[in-house]
Amino acid sequence: MPEKDSDASLTLGVDLGGTKIETSLVDTSGRIITSQRSPTRTEKGPDGVIMDIVACINDCLGEAGKSARALGVGMAGQIEKDSGTVRFSPNLGWHNVPLQAKLEAELALPVMVTNDVRAATYGEWLYGAGQGVADLVCLFIGTGVGGGIVSGGKLLEGCNNTAGELGHTTIIADGRQCHCCNHGCLEAYAGGWAIAERAQDAVRSDPKAGRPLIDLAGSIEQITAATVTKAYVNGDSLAQRIVAETARFMAAGLVGIVNAFNPCLLILGGGVIQGLPEYISLAEHALRLNGLQAAVENLRIVIAALGNKAGVVGAAALAYNKLQKADREQGGRSE
Ligand SMILES: [Zn+2]
């Protein structure tokens, strides 16, 4: 392994979201040397956003006065495995964008594009709450719900590189419409957008009980998952009911996930969980009651450790590992 902190071991990580581009220069122990952030101007189209990413990277390297050996990009969407082409990203409205090839041409660096939640799982596994564990599942519950699975010491990719879409497992047949093509997904009940929709529905059907939520948000339409959390903490009874129901939906999803993958460790993160960590203990009770005994008896459940840094750190580490693998193969051929 190269010497720590030498330029030779530094890698860039980019977390490309619907609202911001977060860029960090990361060393091999997962430490962030420096970071830059810029808004994602989706209206400029893929080529415009790619030039913004390049500018953000150059600012980051300029500030640190260092160079990097590779770049890892994590973004929400389905990414083709080796080419790093973005097949579809709903947040950015992109279809079939050859992001990896375009960034490689602009930066003259090896680039690896991957799913953002997969990158965050890798970050938590390597440097966060999952260090040293060979069988774990990460579930990130934010606006959307996504996950990643490490099984037998391997990060699962699946046949078409979409393994880990745990938010789109059906928990209720013919249930609420999801943002994917399905109905009744875990995300359609426990994702931030779905908690907001369910809370707004509950307030519409009982405006008197919903008064505290309306007062906090300003109007029914402005009620979000964060409003529900705030009202819950204030002791509001409708918010308490919504939180209890949400925890039951989370547990329903987790029972399937834990029974399917039998992890030793379940890491829960994302904005909804970080906003109200109590969701973990509320869901854990039902999970332990309803999961197969052999699947839950040695299971530990913890909160994610890296917060919103898991994505950049994990993307950088994935790119670094890909580089090392290529170096080894190159070495093998020249021997
Ligand atoms: Zn779905």
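Collect the residues in segment 25-76 that are under 25 Å from HIS179 (Cβ atoms) and under 19 Å from the mean Cα position of the chain (by Cα), keeping them in residue-number order. Within segment 25-76, PRO39, THR40, VAL73, GLY74, MET75, ALA76 meet the criteria.
Being within 18 Å of VAL145 (Cβ to Cβ) and buried (at least 20 other Cβ atoms within 10 Å of the Cβ) is the filter here, so list the residues in segment 285-300 that pass it. Can you show your working first?
Step one: filter segment 285-300 for residues within 18 Å of VAL145 (Cβ to Cβ), giving 286-287.
Hit for segment 285-300 is LEU287, nothing else.
Considering segment 258-274 alone, what residues qualify as being under 24 Å from ALA196 (Cα atoms) and surrounded by fewer than 24 Cβ atoms within 10 Å (Cβ to Cβ)? Correct list: GLY271, ILE273, GLN274. Tell me, yes or no, whether segment 81-101 has at least one residue that is in contact with a strand residue (DSSP E or B) (Cβ under 9 Å, 6 or more places away or on another chain) and acidic (Asp, Glu). The answer is no; no qualifying residue exists. Listed by position, the helices (runs of 4 or more DSSP H) inside segment 103-217 whose residues that are surrounded by 24 or more Cβ atoms within 10 Å (Cβ to Cβ) number at least 3 are 116-127, 187-190, 192-205.
The set of residues in segment 275-284 being part of a loop (DSSP other than H, G, I, E, B) and open to solvent by less than 50 Å² (accessible area, probe 1.4 Å) consists of LEU276 alone.
The values are calculated or read from the model by the stated rules, or taken from the named source; none is laboratory data. Model, not experiment: these values are computed from the prediction. FYI the Cβ positions are ideal-geometry reconstructions off the backbone, even for glycines, and counts take in every protein chain you see. Surface areas here come from the heavy atoms of the whole protein model, side chains and all, with no ligands, DNA or RNA. Shrake-Rupley method; radii C 1.70, N 1.55, O 1.52, S 1.80 Å.
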